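The next block holds one structure in the form of structure tokens; read it before the comments.
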Amino acid sequence: MGLVVNNTRDDWSDGHNLVPVIAFVDQQGHRVEFSPHVRGTGMNLERGLEVQVVYEDGKPHTARVNMRKYMMGSAM
């Protein structure tokens with residue numbers, strides 16, 4: 001599981017959209033922070049929200065939020 005620790009302004013949209021920053025601990029015990037690549041209106045998440053994080057085994061840098069709006073957006 002990951003935790004939304006912050007929301008930052010998206011520079012690509014002139015700062016109008018918020019982008020969540022998610023932190024989790026990988027299988028090696030290292031803290032990892034990332035922001036989803038899928039961005040846009042309505043893509044922010046409330047700070048403090050727990051979200052399911054998925055990533056390739058041993059590759060925490062590939063992390064994604066396991067929510068439909070984030071998984072579908074990357075395929076479009």
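The values are calculated or read from the model by the stated rules, or taken from the named source; none is laboratory data. No experiment lies behind these values; they were computed from the predicted model shown. No Cβ is skipped: glycine too gets one built from the backbone with ideal geometry, and neighbour counts run over all protein chains shown.
Mind checking which residues of the stretch 35-50 are modelled with pLDDT under 95 and on the phi < 0 side of the Ramachandran plot? Passing the criteria: Ser35, Pro36, His37, Val38, Arg39, Thr41, Met43, Asn44, Leu45, Glu46. Screening Pro20 against (1) within 12 Å of Leu3 (Cβ to Cβ); (2) modelled with pLDDT under 95; (3) part of a loop (DSSP other than H, G, I, E, B) leaves a single unmet condition, (3).
Has the stretch 59-72 got any residue that is assigned to a loop (DSSP other than H, G, I, E, B), small (Gly, Ala, Ser), buried (at least 17 other Cβ atoms within 10 Å of the Cβ) and at pLDDT 90 or above?
yes
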